[in-house]
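Step one of this worksheet: look at the structure below.
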Amino acid sequence: MTTAGEARIRVMTVDDHPVFRDGLAALLAVHPDLELVGEAGNGAEALEAWATLRPDVTVMDLSMPVMGGAEAIEAMKDEDAKALAGGQTLIPTLKQRLASPTTLVDLNGIAEIKGICLKDGMVAIGAGTRHAEVADSADVQRLIPALAHLAAHIGDPQVRNRGTLGGSLANNDPSACYPAAVLGLGATVHTSAGRAIAADDYFQGMFETALGEGELITSVDFPVPEKAAYMKFVQPASRFALTGVFVAKFLGAVRVAVTGASESGVFRWPEAEKALSANFSAGALDGVALGADGMIGDLHGTAEYRAHLAGVMARRAVTAAG
Ligand SMILES: Cc1cc2nc3c(=O)[nH]c(=O)nc-3n(C[C@H](O)[C@H](O)[C@H](O)COP(=O)(O)OP(=O)(O)OC[C@H]3O[C@@H](n4cnc5c(N)ncnc54)[C@H](O)[C@@H]3O)c2cc1C
């Protein structure tokens with residue numbers, strides 16, 4: 001909500017929070033009319049400095065102990081607000097000036113959206129749960145080892161220790177791993193608007209989702225399959241999927257989700273599902289192939305290459321699922 005001649009940024013702080021400090025620096029970069037004078041050791045000092053030095057800046061302190069889900073939902077009603085989770089995607093976006101929100105709503109202190117529990121025979125994971133927590137969870141390892149394996153192979157340790165399930169799904173990067181698991185397992189995405197969105201309806205194209213304006217993901221329910229596996233051919237610099245395939249076998253049905261390959265983002269592969277439902281073996285995919293139409297072609301690989309990789313990854317996933 002910055003208007004001409006009036007610099008106005010609402011800052012939500014978390015003491016000693018590196019993501020906050022990076023975010024603040026990024027905001028200052030996109031608002032050259034603001035300046036941060038002096039070093040602040042923590043959020044409280046930063047607030048004091050801002051209040052003294054820039055009385056024209058509205059500072060709103062929703063630090064960790066007081067920030068709750070209701071306040072976050074309220075703050076997200078501001079059309080210029082952006083939720084901040086692990087910051088692994090959002091902070092680089094701010095740095096590149098591809099987004100310039102006037103309000104950052106820090107979700108990191110909201111206990112309600114964190115953690116993993118078992119619910120109605122499903123594994124429920126809070127949106128604020130870090131990738132490393134999913135990878136290390138004994139429940140996830142026992143019930144959906146493919147999901148723990150997927151989380152353990154996202155990016156690098158820093159990304160896994162900061163990045164969250166909700167951030168990944170809200171962003172819906174066409175090469176991200178979690179969308180393949182959510183679609184492949186037929187999970188349900190719960191939101192702050194009280195909606196339960198089926199995976200088949202949630203993903204709506206590259207970086208597009210069914211989330212409404214200001215709507216937050218709160219948790220995701222993952223059904224437990226008989227067997228499942230995720231295989232990705234990694235882009236070696238980022239560890240994102242050049243192409244990745246999640247295969248899940250349920251009683252009487254197989255779901256196959258492909259990420260990293262399509263210009264429309266993650267998608268189900270009905271021909272592979274049909275073949276594997278009849279015979280769950282890698283050999284069942286002989287003669288099943290994706291066309292190159294609509295596949296991503298870039299400096300890392302052609303559309304044909306990605307279409308071919310999907311078949312290779314699908315076979316590997318079926319073999320790994322056992
Ligand atoms: C070097 C690098 C390597 C990576 N490798 C991989 C990989 O191999 N596989 C993979 O899948 N991903 C990978 N990622 C992405 C990573 O998984 C991030 O976790 C993810 O992109 C964003 O999650 P975040 O919690 O950091 O969200 P943020 O960056 O904080 O937010 C991302 C977006 O989601 C929104 N948002 C965040 N939380 C919510 C919520 N609860 N509800 C609604 N909106 C929300 C934010 O407003 C923002 O628009 C990589 C990232 C980096 C930087």
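General remarks:
- Residues of region 127-161 satisfying the condition of being of a type outside the set (A, V, I, L, M), in a helix (DSSP H, G or I) and in contact with a strand residue (DSSP E or B) (Cβ under 9 Å, 6 or more places away or on another chain): H131, E133, D139, P145, H149, R160, N161
- Residue within region 248-264 that is more than 11 Å from the ligand (Cβ to nearest atom) and under 26 Å from A193 (Cα atoms) present: yes
- When K249, K232 are checked against the criterion of being in contact with an Asp or Glu (Cβ under 9 Å, 6 or more places away or on another chain), basic (K, R) and in a strand (DSSP E or B), a single residue qualifies: K249.
- Residues of region 198-217 satisfying the condition of being on the phi < 0 side of the Ramachandran plot and surrounded by fewer than 19 Cβ atoms within 10 Å (Cβ to Cβ): A198, D200, D201, Q204, M206, E208, A210, G212, E213
- On inspection, L183 does not qualify as more than 21 Å from A72 (Cβ to Cβ), aliphatic (A, V, I, L, M) and surrounded by fewer than 24 Cβ atoms within 10 Å (Cβ to Cβ).
- Cβ-Cβ contacts under 8 Å between residues 6 or more apart (or on different chains), taken from a first residue in region 307-322 that is over 14 Å from E271 (Cβ atoms) to a second residue that is of a type in the set (K, R) and buried (at least 23 other Cβ atoms within 10 Å of the Cβ), are listed as M313/K232.
- E133 of a type in the set (D, E, K, R), over 13 Å from the mean Cα position of the chain (by Cα) and at pLDDT below 95: no
- The listed residue being over 30 Å from V234 (Cβ atoms), of a type in the set (A, V, I, L, M) and assigned by TED's automatic domain parsing to the domain that holds P225, out of L118, L169, L147: L118
- Entry remark, region 162-183: residues being more than 10 Å from the ligand (Cβ to nearest atom) and either farther than 19 Å from E208 by Cβ or assigned to a loop (DSSP other than H, G, I, E, B) (or both) number 1 in total.
- Any hit, region 136-143, residues being in contact with a Phe, Trp or Tyr (Cβ under 6 Å, 6 or more places away or on another chain), in contact (Cβ under 8 Å) with a residue 12 or more places away in the chain and not basic (K, R): no
- Among residues of region 73-86 that are farther than 8 Å from T103 by Cα, those with a Cβ under 8 angstrom from a residue that is of a type in the set (D, E) and not in a loop (DSSP other than H, G, I, E, B), sequence gap 6+ or separate chain, pair up as L84/D106.
The values are calculated or read from the model by the stated rules, or taken from the named source; none is laboratory data. Quick caveat, the model's predicted, so the values are computed rather than measured. Backbone-built Cβ (ideal geometry, glycine too); neighbour counts: all protein chains shown.
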